[in-house]
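Trainee: Below you'll find the structure I mean.
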Amino acid sequence: MARQVKRACKYRFYPTSEQAAELSRTFGCVRLVYNKALEERTRAWYDEQRRISYAQSSAALTQWKKTAELAFLSEVSCVPLQQALRHLQMAFANFFAKRAAYPRFKSRKRSRASAEYTRSAFTWREGCLTLAKMTAPLDIRWSRPLPQGAEPSTVTVSRDGAGRWFVSLLCQDTIPAAPATENAVGVDAGITRLMALSTGEKIANPGHERRDRARLAKAQRELARKAPGSANRDKARRKVARVHARIADRRRDFLHKVSTRLVRENQTVVIEDLAVGNMLKNRSLARAISDAAWRELRSMLEYKCAWYGRELIVIDRWFPSTKLCGTCGTVRETLPLDVREWTCECGAVHDRDVNAARNLLAAGLAVSACGDGVRPQRGSSRTGRSSAKQETRRATAGVLRLQAEEEVKPGTE
């Protein structure tokens, strides 16, 4: 069954000097409107206990344009400014729903420079994209074609820290479901190996940051020697940003290839719910964990499984996948990180990562068959911990039940 999804296709483009100046001016205006609207909302709440809606912020934007101080806001397209207010409204909605923290101000140096154009602010004709306030189309490098017959509904223009320009086109796309298969795989994420599969395969960790660490350190040393505010310091900063961009691009490309392969070859993919944010507090492993990008891999698996009709099962983080013997079901009390192979009391010898992947697969299939959830409840820490223990016991019981069914086959009694 084909699925209708909204898909963003990102391309690099090379603006002219006039286009670059116009876009840079637009980025600054978007940031100013967002920060000023956030400041007004915060002040109104703390001083007057009053909430400001999107409509009131939009009306305030009209008044700002009429002042002599902010009259330059009328020189850029009004659509990206309105979209900035909508993004702020969404940020507050996520905050009140407890899905995110309180919105923060956008920084000129650290925030992402971007502007969003809706259908009324750009022209799309015969593969040529022309933005509002511009006379010439953008010089886009079409690294891959857009979906057949698709027309962009939203265009987002951005510039990264390395000075590269990108345009993202949001289109409606029809994605056919992948051919059905009976394969299922458990995935255990790691550091020395990026992941171990329940099939026994281990996928090596390319370590992109580690491979470019010397180049990055050299660029950062050169940046530290430059005088603040000088043109040479800006050049050195861009050099550091280019190294970071190279690492991120290569890492993302590798994760896309791995996640696509897992989704195409398996009907069910089972992973573990890792608390990556808490793991990053370990100063000894934070750099390696960040380089592995477990959270980005999970995000890719989530939307690709939804696209191609696959099932993604997330096992609770408290499930003892590593310490659980996949043969007899014994759970060890401790298992240090430096122990890569261990022998159970029953005599079974386990590879630490492969055994964890197989236990994850068995737990995912067992809990899915029982119809129970496999993720902790969102709530207080006490409630979440209690739910996590309940789900862990259910998953462990499911693994043991599957092991018993394997030992007692029909007709052997």
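The values are calculated or read from the model by the stated rules, or taken from the named source; none is laboratory data. Since the model is a prediction, treat every value here as computed from it, not as a measurement. Glycine also receives a Cβ, built like all others from the backbone with ideal geometry; neighbour counts cover every protein chain displayed.
Trainee: Any idea which residue in the range 1-24 is surrounded by the fewest Cβ atoms within 10 Å (Cβ to Cβ), counting only those that are small (Gly, Ala, Ser) and closer than 30 Å to residue 307 by Cβ?
Mentor: Among those that are small (Gly, Ala, Ser) and closer than 30 Å to residue 307 by Cβ, it is 2.
Trainee: Out of the range 96-105, which residues are at pLDDT 95 or above and either surrounded by 13 or more Cβ atoms within 10 Å (Cβ to Cβ) or touching an Asp or Glu at 6+ places or on another chain (Cβ under 7 Å) (or both)?
Mentor: If the condition is that a residue be at pLDDT 95 or above and either surrounded by 13 or more Cβ atoms within 10 Å (Cβ to Cβ) or touching an Asp or Glu at 6+ places or on another chain (Cβ under 7 Å) (or both), then 103 is the only one that fits.
Trainee: Then there's this: Please verify whether residue 171 is at pLDDT 90 or above and under 20 Å from the mean Cα position of the chain (by Cα), treating the condition exactly as stated.
Mentor: Considered against the rule, which asks whether it is at pLDDT 90 or above and under 20 Å from the mean Cα position of the chain (by Cα), residue 171 comes out as yes.
Per-residue answers, yes or no, for (1) of a type outside the set (A, V, I, L, M); (2) assigned by TED's automatic domain parsing to the domain that holds residue 110; (3) part of a strand (DSSP E or B):
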site	(1), (2), (3)
130	yes, yes, yes
134	no, yes, no
144	yes, yes, no
147	yes, yes, no
150	no, yes, no
157	no, yes, yes
161	yes, yes, no
166	yes, yes, yes
169	no, yes, yes
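Trainee: Here's a check for you: in the range 153-168, which residue that is modelled with pLDDT under 95 and surrounded by 15 or more Cβ atoms within 10 Å (Cβ to Cβ) is farthest from the chain's Cα centre (by Cα)?
Mentor: 162
Trainee: For the range 358-366, check the following and say yes or no: at least one residue is more than 26 Å from residue 253 (Cβ to Cβ), touching a Pro at 6+ places or on another chain (Cβ under 9 Å), modelled with pLDDT of 85 or more and part of a helix (DSSP H, G or I).
Mentor: So far as the range 358-366 goes, yes, one or more of its residues are more than 26 Å from residue 253 (Cβ to Cβ), touching a Pro at 6+ places or on another chain (Cβ under 9 Å), modelled with pLDDT of 85 or more and part of a helix (DSSP H, G or I).
Trainee: Exactly one condition in (1) within 21 Å of residue 3 (Cβ to Cβ); (2) in contact with a Lys or Arg (Cβ under 8 Å, 6 or more places away or on another chain); (3) β-branched (Val, Ile, Thr) is not met by residue 181; state its number.
Mentor: (2)
Trainee: Still on this structure, please answer the following. Filter the range 25-52 down to residues that are surrounded by 13 or more Cβ atoms within 10 Å (Cβ to Cβ) and of a type in the set (Ser, Thr, Tyr) and give me whichever is farthest from residue 140 (Cα to Cα).
Mentor: Checked the range 25-52; the qualifying residue farthest from residue 140 (Cα to Cα) is 42.
Trainee: Please find, among 98, 109, the residue that is in the same structural domain as residue 166 (by TED's automatic domain parsing) and at positive phi.
Mentor: Of 98, 109, the one residue that is in the same structural domain as residue 166 (by TED's automatic domain parsing) and at positive phi is 98.
Trainee: State whether one or more residues within the range 7-16 are free of Cβ contacts under 8 Å to residues at least 40 places away in the same chain, in contact with an Asp or Glu (Cβ under 7 Å, 6 or more places away or on another chain) and either of a type outside the set (Phe, Trp, Tyr) or farther than 30 Å from residue 180 by Cα (or both).
Mentor: Checking the range 7-16: not a single residue is free of Cβ contacts under 8 Å to residues at least 40 places away in the same chain, in contact with an Asp or Glu (Cβ under 7 Å, 6 or more places away or on another chain) and either of a type outside the set (Phe, Trp, Tyr) or farther than 30 Å from residue 180 by Cα (or both).
Trainee: Please verify whether residue 318 is at pLDDT 70 or above, in contact with a His (Cβ under 7 Å, 6 or more places away or on another chain), in the same structural domain as residue 191 (by TED's automatic domain parsing) and under 23 Å from residue 194 (Cα atoms), treating the condition exactly as stated.
Mentor: no
Trainee: Restricting to helices (runs of 4 or more DSSP H) lying wholly in the range 195-286: which have 2 or more residues that are under 30 Å from residue 166 (Cβ atoms) and in the same structural domain as residue 358 (by TED's automatic domain parsing)?
Mentor: It comes to 231-265, 276-279.
Trainee: Right, another one. Out of the residues in the range 309-319 that are of a type outside the set (Lys, Arg) and surrounded by 17 or more Cβ atoms within 10 Å (Cβ to Cβ), state the one that is nearest to residue 355 (Cα to Cα).
Mentor: 319
Trainee: Among the residues in the range 74-87, are any in a loop (DSSP other than H, G, I, E, B), out of contact with any Pro (no Cβ under 7 Å at 6 or more places or on another chain), over 20 Å from residue 24 (Cα atoms) and assigned by TED's automatic domain parsing to the domain that holds residue 159?
Mentor: No, the conditions are met nowhere in the range 74-87.
Trainee: Taking the condition acidic (Asp, Glu) and touching a residue at least 60 places away in the same chain (Cβ under 8 Å), does residue 338 pass?
Mentor: Spelling it out, it is not the case that residue 338 is acidic (Asp, Glu) and touching a residue at least 60 places away in the same chain (Cβ under 8 Å).
Trainee: Considering only residues that are over 17 Å from residue 310 (Cβ atoms), outside any loop (DSSP other than H, G, I, E, B) and within 19 Å of the chain's Cα centre (by Cα), which ones fall in the range 175-194?
Mentor: Hits for the range 175-194 are 188, 189, 194.
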